[in-house]
1. Inside the stretch 135-155, can you point out the residues that are in a helix (DSSP H, G or I), loosely packed, with under 15 Cβ neighbours inside 10 Å and not acidic (Asp, Glu)?
2. State the number of residues belonging to the stretch 22-43 that are surrounded by fewer than 20 Cβ atoms within 10 Å (Cβ to Cβ) and either more than 11 Å from the ligand (Cβ to nearest atom) or of a type in the set (D, E, K, R) (or both).
3. Looking at 4, 61, can you tell me which residue is in a helix (DSSP H, G or I), away from the ligand (no atom under 12 Å from the Cβ) and not hydroxyl-bearing (Ser, Thr, Tyr)?
4. Can you work out which of the residues in the stretch 120-167 that are in contact with a Lys or Arg (Cβ under 6 Å, 6 or more places away or on another chain) and under 17 Å from residue 96 (Cα atoms) is farthest from the ligand (Cβ to nearest atom)?
5. Report yes if residue 128 is of a type in the set (Phe, Trp, Tyr) and within 19 Å of residue 20 (Cα to Cα), otherwise no.
6. Does the stretch 82-106 hold any residues that are more than 8 Å from the ligand (Cβ to nearest atom) and touching a strand residue (DSSP E or B) at 6+ places or on another chain (Cβ under 7 Å), and which are they?
7. Does residue 83 fit the bill of being part of a loop (DSSP other than H, G, I, E, B), in contact with a Phe, Trp or Tyr (Cβ under 9 Å, 6 or more places away or on another chain) and under 24 Å from residue 109 (Cα atoms)?
8. Name the single residue that is nearest to the ligand (Cβ to nearest atom) among those in the stretch 107-119 being hydrophobic (A, V, I, L, M, F, W, C) and in a helix (DSSP H, G or I).
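Only the coordinates and a few stated rules stand behind these numbers; no lab work does. All figures in this text were calculated on a predicted structure; none of them were measured in a lab. Because the Cβ atoms are built from the backbone with ideal geometry, glycine has one as well, and the counts that use them run over all protein chains shown.
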Amino acid sequence: MVDERIAIYPGSFDPLTLGHDDIVRRCLRLVDRVLIAIAASASEAKSPAFSLDERVELTREVYSDEPRVEVVPFEGLLVDFARRRGARLIVRGLRAVSDFEYEFQMALMNRSLWPEIEVIFMAPASNYTFLSSSLVREVARLGGDVSGFVPLPVLRELARVYGAAVTGE
Ligand code: PNS
């Protein structure tokens, strides 16, 4: 479709949380397709839970019933990837004011690298404003119950890596 509206939702997704999923579903109300672009380097993650291949496979499984969501790995500059894929819209979730400075810097840098890109910030449901992948990893690593924070396939894989306690059963 020539006039298809594609949003690119980039991130590390280590792992995808219900907060991310909330943004994806809100985004699907605004655009035709959402491209979840999973960054090869998850540099902020000192102890990553999943490899790039695992993050891609797991996220694909979460959206296996949603034909309008595509999950792809990427490396290099996000704007180069977006341009290659014909996406002119980057979506990022903003949970709190503390996210703003970093997100604003990235948005302006991305736009100076490729002036045709637009960046929109979306607020997740309020019950997810405290949620982050790094907190989920930490709680899971310490054997806490993360069943309220991640989709089922992610919970299953966290349980495989960190033990059954993470399911709360
Ligand atoms: O989920 P994260 O870790 O906050 O996502 C950050 C991400 C992957 C979106 C950002 O680091 C990124 O876009 N990396 C790709 C490299 C790039 O384009 N860097 C310049 C951004 S201004």
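1. Residues of the stretch 135-155 in a helix (DSSP H, G or I): 135-141, 152-155.
In the following step, the residues that additionally are loosely packed, with under 15 Cβ neighbours inside 10 Å were identified as 135, 138, 152.
The answer is 135, 152.
2. 9
3. Among 4, 61, only 61 is in a helix (DSSP H, G or I), away from the ligand (no atom under 12 Å from the Cβ) and not hydroxyl-bearing (Ser, Thr, Tyr).
4. Top of the filtered list is 129.
5. Yes.
6. 82, 85, 86, 87, 88, 89, 90, 91, 93, 94, 103
7. no
8. Result: 109.
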